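Notes follow the structure.
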Number of protein chains: 2
Amino acid sequence: MPAKNRRSFCPVSFALDKFGDKWSLLIIRDLMFLGKETYGEFLESSEEIATNILADRLKRLETEGILLKFRDPENGRRVIYRLTEKGLDLAPVLISMIQWSSQYDPDCGAPKQLLQRLQDDPDDFIAEIRSRES
Amino acid sequence: MPAKNRRSFCPVSFALDKFGDKWSLLIIRDLMFLGKETYGEFLESSEEIATNILADRLKRLETEGILLKFRDPENGRRVIYRLTEKGLDLAPVLISMIQWSSQYDPDCGAPKQLLQRLQDDPDDFIAEIRSRES
DNA sequence: CCGGATCCGTTTCGATACTG
DNA sequence: CAGTATCGAAACGGATCCGG
């Protein structure tokens, strides 16, 4: 049976407060699964986020400690965004969303190979995400 | 390395389109973890959703096939909402959000016992959610 | 009463144009 | 390339009303 003290159960709303809008998780997906890391690359995503919204969400996610921002040491004009540990720890959330979507829309674009791997050994996949540099 | 065909990778946005707003996942949480099943019970949640927003989200989630609505056979005036299979299959998403929140805010209200159980044997917990009647 | 629908002031979002 | 500024559109929240 469910918990009695309903008032104090708010882990879901804690998470939604951090990334529960229309765009934040898409940015995190870009970083985690599509290897993107610059403002311009996020803009290229098929969902077509507006520039002001993107800037706002990047700022908020940085404030939340989910991603961090720094200049490319090899190209001072390039700004790079990267997931922090806290952001990388969102991998299971993204993965379960991808699995659910694939179950109910097989044509949603998740590669079969990726799905198989996520099912067989998700921890291995997460480990790879973490180890990825540049 | 990330996939090349970025255009066609949209499982995350598929999911967000279904429940990626401020309220839908909170309703699903109420159904899945707090044993709520009526309009009035959803209104009592600490996030204080407005009546018009609640009605709209319930309708949308029903349209998406995530929950269904029917009259209480034992009380014709009572309307009951319940998760469908498709809705129950969102359990891993909710669970990973709860785990993430608990990791970064231990005071967010997830009972230690629940967390332990989710970590030890999540499938067992999901099975219980599924088997729950009334 | 319960489960909404309607109206309306306010906040937030987002498309576009523009800038350092 | 990486953002701001502006301004109309949409969503939200609160109050109130309505039907069974």
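Observations on the model:
- Other copies of B:THR51: label-to-label distances in nm, shortest first, labels 7 Å along the beta-carbon direction: 4.5
- MRE, 222 nm, helices only [DSSP H, n ≥ 4, -39500 (n - 2.57), over the protein assembly as shown, to nearest 500]: -16000 deg cm²/dmol
- With the label put 7 angstrom out from Cα along the Cα-to-Cβ vector, A:VAL79 ends up 4.7 nm from the copy partners, going from closest to farthest.
- For region B:25-127, GluC sites (Glu not before Pro) are listed when DSSP marks them as loop and at most 12 other Cβ atoms sit within 10 Å of their Cβ; the list is B:GLU48, B:GLU74.
- Span from the region A:65-134 Cα centroid across to the region A:27-60 one, whole angstrom: 13 Å
- Summarising the overall dimensions of region A:19-95 from its C-alpha atoms, the Rg and Dmax are 11.7, 34 angstrom.
- Longest to shortest principal axis, alpha-carbon extents of chain B, angstrom: 57, 38, 28
- Amide hydrogen neighbours beyond the local backbone of B:ARG78, cut-off 5 Å, H modeled: B:ASP72
- The rotation axis bringing chain B onto chain A passes closest to the chain B residue reported with its distance as B:SER96, 3, by C-beta distance in whole Å.
- Neighbour-limited loop hits for trypsin sites (Lys or Arg not before Pro), region A:1-109 (at most 15 other Cβ within 10 Å; DSSP other than H, G, I, E, B): A:LYS4
- The alpha-carbon of A:LYS69 sits under 26 angstrom from the alpha-carbons of these lysines, leaving out residues fewer than 8 places away in its chain: A:LYS18, A:LYS22, A:LYS36, A:LYS59, A:LYS86, B:LYS4.
- Scattering from the protein assembly as shown was approximated by placing one identical point on each alpha carbon and applying the Debye formula without solvent; log10 I(q)/I(0) at 0.07, 0.09 1/Å stands at -0.26, -0.43.
- Using a 7 Å Cα-to-Cβ projection, A:LEU68 label spacings across copies, nm, ascending: 5.0
All of the numbers you see were taken from the coordinates with simple rules; none came from a lab. None of these values were measured; they are calculated from a predicted model. Using ideal geometry, Cβ is built from the backbone for each residue, glycine included, and neighbour counts are taken over all protein chains shown.
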